[in-house]
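Report on the structure given below.
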Amino acid sequence: MSIVVYWLTQGHPSVQAFADDQLLAALAFAESRRKARDPQGAPLHQHVVINTELGDSVGPAGVSDELPDGYSWTKSHRGGPPESGNPPKTLA
């Protein structure tokens, strides 16, 4: 169970689980919940969400301190230091 669709129906929570290889089925299921309407045209379900934790895409918790060769990016002054009297440079 790595993909889960959650939704509310008249305030009551519901859940449907899917295996890693059933992403398309889970997406279609969630879309059908979002599109479902009562005879008056009001939505039948609210807060339809998908949560995934795919085994092939999730690594160990934490952040690696090892950087690839030549990698020196930092968030501070990413476009260069600010110039006196001018706004900071950005990549945009």
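The values are calculated or read from the model by the stated rules, or taken from the named source; none is laboratory data. On a predicted model such as this, the values are computed, not experimentally measured, just so you know. Cβ sites come from the backbone with ideal geometry, for glycine too, and all protein chains shown count toward neighbours. With ligands, DNA and RNA removed, areas are computed over all heavy atoms of the protein, side chains included. Shrake-Rupley method; radii C 1.70, N 1.55, O 1.52, S 1.80 Å.
Quickly run through segment 45-68 and pick out the residues that are surrounded by 13 or more Cβ atoms within 10 Å (Cβ to Cβ) and modelled with pLDDT of 95 or more.
H45, V48, I50
Restricting the search to segment 1-44, which residues are open to solvent by less than 90 Å² (accessible area, probe 1.4 Å) and in contact with a His (Cβ under 9 Å, 6 or more places away or on another chain)?
Passing the criteria: W7, L8, T9, S14, R33, A36.
In this structure, is F18 at pLDDT 70 or above and in contact with a helix residue (DSSP H, G or I) (Cβ under 8 Å, 6 or more places away or on another chain)?
Here the answer is yes, as F18 does meet what is asked.
Could you pull out the residue among V15, V4 that is outside any helix (DSSP H, G or I) and within 18 Å of D56 (Cα to Cα)?
On the way: V15 fails: within 18 Å of D56 (Cα to Cα).
Answer to the check: V4.
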